[in-house]
Amino acid sequence: MMQAIVLLGAPGAGKGTIAEGIKAATAFVHVSTGDMLRAAVKAGRPVGLEAKSYMEKGELVPDAVIVKIVTERLDQGGPDAQYMFDGFPRTLEQARMLDEVLVEHRGRIEHVFLLDVARDVLVDRLAGRRVCRSCGAVYHVRNIPPKKAGVCDACGGALYQRPDDTEETVLNRLEVFKRQTQSLIEYYERRGVLARINAGQKREVTQADILAILGKPTVGR
Ligand code: AP5
């Protein structure tokens with residue numbers, strides 16, 4: 001039976017960061033539509049070319065594109081795969097598509113974790129984010145700095161600032177989240193699968209809170 005959990009949260013809430021910790025402690029396969037789209041842009045694939053202009057403006061990529069890449073990704077997994085979605089679903093249409101796929105595989109959504117963070121903290125996190133060009137590791141210039149400025153601890157790659165982390169685009173992304181993605185909170189709340197998580201804490205604490213709900217308590221807590 002296919003199983004799914006969803007990390008839902010505004011830009012900068014820490015979905016990608018938290019996903020790394022959950023992945024290390026569980027069997028969940030991390031599926032980030034943002035990472036998939038950035039890879040498609042980098043590789044110059046048609047899907048990337050279609051998505052690029054939306055991403056640069058901080059707008060959502062059309063549902064049809066997202067449904068296509070997610071369906072292709074899920075088709076590669078076995079019937080008992082466990083998925084952790086990050087940045088997907090983002091609209092009611094995407095949520096309904098996910099429901100259909102899960103029904104087909106006799107699967108279900110176990111939990112939707114809503115990562116709650118104050119708006120000023122989100123803006124600060126996005127402004128200070130740096131990403132490794134080679135391996136994709138994520139840092140923050142103050143909160144989670146690399147040992148050597150501008151260099152990835154994991155692989156020595158160069159760190160860069162995402163083009164959609166400029167002030168103007170960040171403000172639009174936060175607006176788009178409010179307008180298009182917040183309706184999902186109610187959708188999953190009604191289904192009884194929504195867990196609100198205080199993601200304004202240290203990442204280890206947020207990870208431990210989620211792992212406890214998943215029945216994998218962290219040693220020492
Ligand atoms: P996507 O890549 O999904 O971006 P996002 O949702 O805006 O989220 P972010 O990646 O910006 O933030 P995050 O929550 O992962 O935070 P992170 O862990 O990096 O999407 C990009 C674009 O692609 C969208 O705008 C859209 O155009 C398109 N797209 C993607 N999916 C789509 C979909 N399903 N439908 C339509 N369009 C789609 O952390 C942020 C920073 O904070 C980092 O610097 C990190 O080090 C730091 N940090 C994290 N946790 C903590 C902590 N606990 N304490 C201190 N600092 C922390």
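Among the residues making up the range 120-135, those that are farther than 22 Å from Val205 by Cβ and either open to solvent by 40 Å² or more (accessible area, probe 1.4 Å) or of a type in the set (Ser, Thr, Tyr) (or both) are Ala127, Arg130, Arg133, Ser134, Cys135. With (1) modelled with pLDDT of 95 or more; (2) closer than 21 Å to Val65 by Cβ as the list, and Tyr160 as the residue in question, which single condition is left unmet? Single failed check for Tyr160: (2). You will find that of Ala4, Ala24, Ala51, Ala13, the residue that is without any contact (Cβ under 8 Å) to a residue 24 or more places away in the chain and crowded, with 18+ Cβ neighbours inside 10 Å is Ala51 and no other.
Against the conditions (1) out of contact with any Cys (no Cβ under 8 Å at 6 or more places or on another chain); (2) under 22 Å from Leu7 (Cβ atoms); (3) open to solvent by 60 Å² or more (accessible area, probe 1.4 Å), Pro163 satisfies every one except (2). Considering the conditions (1) surrounded by 17 or more Cβ atoms within 10 Å (Cβ to Cβ); (2) touching a Lys or Arg at 6+ places or on another chain (Cβ under 8 Å); (3) of a type outside the set (Lys, Arg), Asp153 is excluded by exactly one of them, (1). Restricted to the range 175-221, and to residues there that are near the ligand (Cβ under 9 Å from one of its atoms) and aliphatic (A, V, I, L, M), the residue that is nearest to the chain's Cα centre (by Cα) is Ala199. Restricting to the range 29-64, name every residue that is of a type in the set (A, V, I, L, M, F, W, C) and over 18 Å from the mean Cα position of the chain (by Cα). Ala43, Val47, Leu49, Ala64 - these are the residues of the range 29-64 that are of a type in the set (A, V, I, L, M, F, W, C) and over 18 Å from the mean Cα position of the chain (by Cα).
Being touching a strand residue (DSSP E or B) at 6+ places or on another chain (Cβ under 8 Å) and more than 17 Å from Ile18 (Cβ to Cβ) narrows it down to one of Val123, Val193, so name that one. After applying the criteria, what remains is Val193. In this entry, Val131 is excluded by the filter for residues that are in contact with an Asp or Glu (Cβ under 7 Å, 6 or more places away or on another chain), aliphatic (A, V, I, L, M), within 20 Å of Tyr54 (Cβ to Cβ) and near the ligand (Cβ under 10 Å from one of its atoms). Of all residues in the range 98-119, those satisfying the criterion of being more than 14 Å from the chain's Cα centre (by Cα), open to solvent by 20 Å² or more (accessible area, probe 1.4 Å) and within 13 Å of the ligand (Cβ to nearest atom) are Val117, Ala118.
The values are calculated or read from the model by the stated rules, or taken from the named source; none is laboratory data. All values reported here derive from a predicted model rather than from experimental measurement. Note: ideal-geometry Cβ built from the backbone for every residue, glycine included; neighbour counts use all protein chains shown. Please note that ligands, DNA and RNA were not included when accessible areas were found on the heavy atoms of the full protein model with its side chains. Shrake-Rupley method; radii C 1.70, N 1.55, O 1.52, S 1.80 Å.
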